[in-house]
């Protein structure tokens, strides 16, 4: 028996995974930039890394355009175009958000005061872990197509998606703790620093939200195939 991908065309799913891998690379470069901020805060290196994040975001856009061209044809698909477009859009929003965070770190040299470093680092690490889970989910899309959404394979993917959803409270609480700590540091930070740190924390919260939406988009695909 032929697999679903051989009957309906595999290439769109390969491109979705390629896009997800590029987004993961973009977020990974942001992670390196953030480590640089935490360790030394060297402005020149941060600017260089921010440009690298922007370049990777542009590459992700190029893959996204390729997917739109592929899906605009008459290729038969085993899932709806709308479902695939949603996954792609959420993934691309992760890259967009990563670029915006990187740019914000170039506006001014930001100190990481010892009193709030633990809270900020904890929250940021949770967000990066969430992004990694979302990337793991997307990387299994073609695997699901090849197995015709076999029950065991679908359950494995849904377990990852549920793991990410169960981290909602952890992420929100860490975000609030970091933000409150920043606001309470008026004697340590200038008003400009506080505003910029709060903005960056908010962008990280958005990044986590896009990661969750990416995984949830795949949940819809899986559940629709199982019905």
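Here, each number is a calculation from the coordinates, and none is a lab measurement. All values derive from a computational prediction rather than experimental measurement. Every residue, glycine as well, gets a Cβ built from its backbone with ideal geometry; the counts of neighbours run over all protein chains shown.
List of remarks:
- Full extension of the chain segment joining residue 220 with residue 69 gains 52.1 nm, where the gain is 0.36 nm per residue of separation less the Cα-Cα distance.
- Efficiency of FRET from Cβ geometry, residue 162 and residue 42, R₀ 45 Å, rounded to 0.05: 0.65
- Shape call, region 116-227: gyration tensor on alpha carbons, a/c limit 1.5: prolate
- Computed over region 18-98, the Cα gyration tensor eigenvalues convert (square root of 5λ each) into semi-axes of 32, 11, 7 Å, ordered from largest to smallest.
- Residues 107, 38, 204 in ascending order of nearby Cβ atoms (within 10 Å, fewest first): 107, 38, 204.
- Residue separation of residue 194 and residue 151 scaled by 0.36 nm, minus their Cα-Cα distance, works out to 10.6 nm of gained length.
- Exposure proxy ranking for 138, 70, 106, based on other Cβ atoms within 10 angstrom of each Cβ and starting from the fewest, stands as 106, 70, 138.
- Volume per residue that the Cα convex hull of region 55-202 spans, once the total is divided by residue count, Å³: 120 Å³
- Euclidean distance between Cα centres, region 165-227 to region 98-142, Å: 9 Å
- Sequence of 39, 44 once ranked by neighbouring C-beta atoms within 10 Å, starting from the fewest: 44, 39
- Values of log10 I(q)/I(0), in the order q = 0.11, 0.12, 0.17 Å⁻¹, for region 149-212 under a Debye, Cα-only, solvent-free model: -0.39, -0.44, -0.67
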